[in-house]
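The values are calculated or read from the model by the stated rules, or taken from the named source; none is laboratory data. This structure is a prediction, so every number in the text was calculated from the model and none was measured. Each accessible area value is taken on the protein alone, full model and side chains, heavy atoms only, with ligands, DNA and RNA left out. Shrake-Rupley method; radii C 1.70, N 1.55, O 1.52, S 1.80 Å.
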Amino acid sequence: QVQLVESGGGLVQAGGSLRLSCTASGSIFSIYLRGWYRQAPGKQRELVATITSGGRPNYADSVKGRFTISRDNAKNTVYLQMDSLKPEDTAVYYCNAAGAAMDYWGKGTLVTVSS
C-alpha cells in the first residue's frame, strides 16, 4: 500500500504564492514520486510539473518561470513552490507517483486564486 498526502493548498490573491507538499508513506521502496498534476472545474487533469530522481524538472508551458518543483528523497517528499499565481491556476492539485504496475494519486489539495 502506498499513501500520498498533499498539503499547502488554500485561498490566495492573484500575484501571491503558495507551497504545496506531498509526502509518500507505506511501500515507498516500490514507487517513484513523479510530481504534480491539476484539474480545474470542467477540465481534464493536466501535468503541472515533474521531477526526476536526480532533480531534473519539467514544467507545463503555462507555469514555466512561476512554479518550481523540488524533492527531498530523504523525506520522501516532493514540493511545488507556486509564485505569481493567476486565477487560471485555480484547481485541485494532485501528487502522482509511479509504481511497478500502476500509478498512485493523492486525494488532492485545492488551490483557489482570486482576482
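Percent of Cα pairs in the chain per distance bin of 5 Å, from zero to the largest separation: 2, 13, 24, 26, 19, 10, 5, 2, 0. Bridges between two residues of the chain, per DSSP, are antiparallel at a rate of about 90%. In this structure the chain gives 54 Å² per residue of accessible area when probed at 1.4 Å with all protein chains present. If you sort D61, D103 by accessible surface, 1.4 Å probe, largest first, the order is D61, D103.
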